[in-house]
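Shown next, in structure tokens, is the structure this report addresses.
Taken together, the values in this text are just the output of simple stated rules run on the coordinates, not laboratory data. Here the structure is a predicted model, which means the values were calculated and not measured. Note that we place each Cβ from the backbone using ideal geometry, even for glycine, and neighbour counts take in every protein chain shown.
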Amino acid sequence: MSETPLDNDLVARIIDNLKDDPSEKLREMLARADNGKWSPEALEAARLLLDQRSKGTAPEPVYQTVQAAARTEQGESSRGCKTGDPVLAPALGGRAYLYPGMIGEIRGQSAYIYFDNGDRRWVSLTDVLPLEVDVGTHLYHQLRGAGTIIGRQGERFFVRYDDGDGEWMTLAQIVVPTGRSLSLLERFDAVYCRFTGFLKKLILGH
């Protein structure tokens, strides 16, 4: 079976978005390619940009490296997280999806997360990831299904769903799948969201 061809225009746009990221972050993307977070176009963009930098045709953004060094000096947890950091973390008592938020407090190996959607709860630091949402990131919508970010304007993201439809969304609306199994509470929430979405369409007629 032949592989689906890459969208070269999308690869070019992602390269433009990745120009301000250090090479260590691009290598980390490639090292985590198997977790399904990044689209094939995003991974190809990271490979091409690293190749350009190795050949001297693309510069390394020095200021990003300085920022990373400054973070290390500020006192972080064992996972590199500290209070005030924007992160992706699980909610609803499960680990199948990650939601954007900010660390409000760290106690031992737990972090209190203020989620962008208004929720807040304690989570294990082992389930917390840095907030890395950009063009090429795979997302999930309870009603629309899987999709990929293909455009960005500040803190607004344009998502193209697998069915071909697309829409703009804010950071608070973003949900990143982890590939893990749904908890009972997450399954209930998924059914509830689909049911309420169906009722809304039935009542409003669209």
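In order along the range 136-147, the Karplus-derived 3J(HN,Hα) couplings, from 6.51 cos²θ - 1.76 cosθ + 1.60 at θ = phi - 60°, round to x, 6, 7, 10, 9, 10, 4, 9, 9, x, 6, x Hz, and Gly and Pro are given as x.
In this structure, the amide hydrogen of Val87, modeled 1.01 Å from its nitrogen in the peptide plane, lies closer than 5 angstrom to those of Gly101, Met102, Ile103, Leu131, counting only residues at least 5 positions away or on a different chain.
Summary value for the range 81-122: 31 percent relative contact order, contacts being C-alpha pairs under 8 angstrom separated by 6+ residues. Label zone (Lys82, point 7 Å along Cα-to-C-beta; backbone nitrogen cut-off 15 Å) within the range 109-152: none. Extending each Cα 7 Å along its Cβ direction at Gln153 and Arg47, get the distance between those two points in nm, one decimal. Here the modelled spin labels are 3.3 nm apart.
Each residue of the range 121-131 is assigned a 3J(HN,Hα), and the resulting list reads 5, 7, 9, 6, 4, 5, 9, 9, 10, x, 6 Hz, derived from the Karplus form 6.51 cos²θ - 1.76 cosθ + 1.60 (θ = phi - 60°), x at Gly and Pro. The stretch between Ala146 and Lys25 holds 41.1 nm of extra length on full extension. This uses 0.36 nm per residue minus the Cα-Cα distance. Taking amide hydrogens as placed 1.01 Å from N in the peptide plane, the amide H of Arg95 sits under 5 Å from those of Ser183, each at least 5 positions away in sequence or on another chain. Remark: spin-label model distance Arg32-Trp122 equals 2.5 nm, labels positioned 7 Å along the Cα→Cβ axis. Scalar couplings 3J(HN,Hα) for the range 152-168, obtained by applying the Karplus form with A = 6.51, B = -1.76, C = 1.60 to θ = phi - 60°, are 8, 9, x, 9, 10, 10, 9, 10, 9, 7, 5, 7, x, 6, x, 6, 8 Hz; x denotes Gly and Pro. Here Glu155, Glu132, Glu28 are placed in order of increasing Cβ neighbour count within 10 Å, fewest first, which gives Glu155, Glu28, Glu132.
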